[in-house]
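The values are calculated or read from the model by the stated rules, or taken from the named source; none is laboratory data. Worth saying up front: this structure is predicted, and the values here are computed from it rather than measured. Backbone-built Cβ (ideal geometry, glycine too); neighbour counts: all protein chains shown. Ligands, DNA and RNA are excluded from the accessible area calculation, which covers all protein heavy atoms including side chains. Shrake-Rupley method; radii C 1.70, N 1.55, O 1.52, S 1.80 Å.
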Amino acid sequence: LKEENESIAGLNEENHELKMRLIENDMKSMKSTATLEKVASFEQDKNQELTSKLAEKEKQHKLALDKISLLKKEIQVIPALKQTIEFLNKDLTKAKMDNTSLEDALSREKDYTKALTEKLMKKKSE
């Protein structure tokens, strides 16, 4: 009976140690779980931040592509603008030549009118 009591006492002591280790392991597990939850929350926040940055970069990329598209369209217009400028320069040159001819004709008309006026004045004075 004494041996059985000692055996039971040993088992009780072993059971107590196991319970204490179980409690200790539960506490470690809770700490690990809390740490993992904090890490997961941090990672989730970081992921959300990176997702926002990615969305912003995609928006900027789309704007850049739109600008490139507009520039390509503007570049296509440049040859037509050059042709128009050349045409207008030719018209301007022709208009300048016409203007010079008209100025010459006007000058001749003034000279003719002056000569006629002088003749008329001479006849009046005679």
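Does ALA95 qualify as being among the hydrophobic types (A, V, I, L, M, F, W, C) and more than 23 Å from the chain's Cα centre (by Cα)? So ALA95 passes the test.
Would you be able to tell me the number of residues in segment 66-82 that are open to solvent by less than 90 Å² (accessible area, probe 1.4 Å) and of a type outside the set (Asp, Glu)?
Residues flagged as open to solvent by less than 90 Å² (accessible area, probe 1.4 Å) and of a type outside the set (Asp, Glu) within segment 66-82 amount to 6.
For ASN47, state whether it is over 30 Å from the mean Cα position of the chain (by Cα) and either assigned to a helix (DSSP H, G or I) or free of Cβ contacts under 8 Å to residues at least 40 places away in the same chain (or both).
So ASN47 fails the test.
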